[in-house]
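The values are calculated or read from the model by the stated rules, or taken from the named source; none is laboratory data. Small disclaimer: the values here were computed from a predicted structure and weren't measured. Note that we place each Cβ from the backbone using ideal geometry, even for glycine, and neighbour counts take in every protein chain shown.
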Amino acid sequence: MRQISRRKFVSLMGMLGASALLLGGGCGTPRAEPEGVPTIPATDRTPPTTSGGTQLSVVRGDDPAAITRRAVAALGGMERFVKRDANVIIKPNICVAYHSYEYAATTNPDVVAELVRLCRQAGAARVRVLDMPFGGTPESAYEITGIKAAVEAAGGQMEIMSPIKFKEMPFPQGRDIKSWPVYQDVMDADLVINVPIAKHHNLARLSLGGKNLLGIVDRPNQFHRNLGQRIADLCSLVRPQLTVVDAVRILVTHGPTGGSLQDVKKTDTVIASTDMVAADAYAATLFGLKGEDIPYVKAAAEMGLGTLDLQSVKIEELSL
């Protein structure tokens, strides 16, 4: 029923968002611009609420898979998010093909693979992992970062994003952007898990959950005008039910692409929440910042998409 109404909606409102040149949304300096979840549409999909339970979990330890597993368990387990035969999309930050994950420009493969494994164990029929790298081809980036091998070993699929799958979508709550081509498979998925790596960004200040969603839009370089509000507008349309921030290694400067291990700080931390704004706000503290210091995080909170007030969030912190 959902798919039929969705297709009718798209046929009325959409247009193909094909583009011969695609830039990765998770990171990158802009190029010069030419002047357990019900199957419901992504625009109506909101993260599952807690009933007095943990809203945000922070787990520290030297095993990335183990702390990821424990962080999700603290939120009620993956069964809370995945229904049997669910179609799941996991969106990590696969920024470039230049470096392996140790350089903290891309999400840790062990974190991504553990989420795939948990989804499959919870009964997901299909778990796809995708991104559009800023530097290098998707094929090379998937290989060099180590994500492809880890995901496939865990029972997931790596998807090369097709230009013809970007479709124009209205942003009903958008303050700056009123419509934009968005990757349709993400909109149609039963569950979207956002898995950014926490890192410095030369334009956004930090690249976290909200910034990571630029990997699912066409022409993400054009978001760099009024970046904070435009990312928040995108977050109002695409609302992942689960955000897992990889802070096993964080890139503290020269982001988003990095390139020197001297710029990497090992914090052995994973943050998980149904509230992407709260997850980003907590991740900002790892850099000595607050959520309101990051323009898109502040803008998303002002739009009612989550909370910056970590004092109001029930946080469970654990060490393994």
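A compact table of results
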quantity	calculated
Total residues in region 238-261, condition surrounded by fewer than 21 Cβ atoms within 10 Å (Cβ to Cβ) and of a type in the set (A, V, I, L, M)	2
Selection count where residues are touching a helix residue (DSSP H, G or I) at 6+ places or on another chain (Cβ under 9 Å) and modelled with pLDDT of 95 or more, scope region 81-99	11
Residue 205 vs. criteria over 18 Å from residue 308 (Cα atoms), among the charged types (D, E, K, R) and surrounded by fewer than 23 Cβ atoms within 10 Å (Cβ to Cβ)	no
Members of region 230-247 that are in a helix (DSSP H, G or I) and among the small types (Gly, Ala, Ser)	232, 236
Count of region 276-287 residues which are crowded, with 24+ Cβ neighbours inside 10 Å and either outside any helix (DSSP H, G or I) or small (Gly, Ala, Ser) (or both)	4
Scan of region 75-130 for residues that are farther than 20 Å from residue 210 by Cβ, under 17 Å from the mean Cα position of the chain (by Cα) and of a type in the set (Phe, Trp, Tyr), ordered by number	101
Residue satisfying all of: in region 131-144; over 15 Å from residue 197 (Cβ atoms) and buried (at least 21 other Cβ atoms within 10 Å of the Cβ); farthest from the chain's Cα centre (by Cα) among these	142
Selected residue (only one of 250, 271 is closer than 16 Å to residue 99 by Cβ, assigned to a strand (DSSP E or B) and β-branched (Val, Ile, Thr))	250
Any chance residue 177 is of a type in the set (Val, Ile, Thr) and in a loop (DSSP other than H, G, I, E, B)	yes
Of all residues making up region 44-74, the number that are at pLDDT below 95, surrounded by 18 or more Cβ atoms within 10 Å (Cβ to Cβ) and under 18 Å from the mean Cα position of the chain (by Cα)	3
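Matching residues to (1) of a type in the set (Asp, Glu); (2) modelled with pLDDT under 95; (3) closer than 13 Å to residue 104 by Cβ:
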site: 237; (1), (2), (3): no, no, no
site: 243; (1), (2), (3): no, no, no
site: 247; (1), (2), (3): no, no, yes
site: 263; (1), (2), (3): yes, no, yes
site: 269; (1), (2), (3): no, no, yes
site: 277; (1), (2), (3): no, no, no
site: 281; (1), (2), (3): no, no, no
site: 284; (1), (2), (3): no, no, no
site: 287; (1), (2), (3): no, no, yes
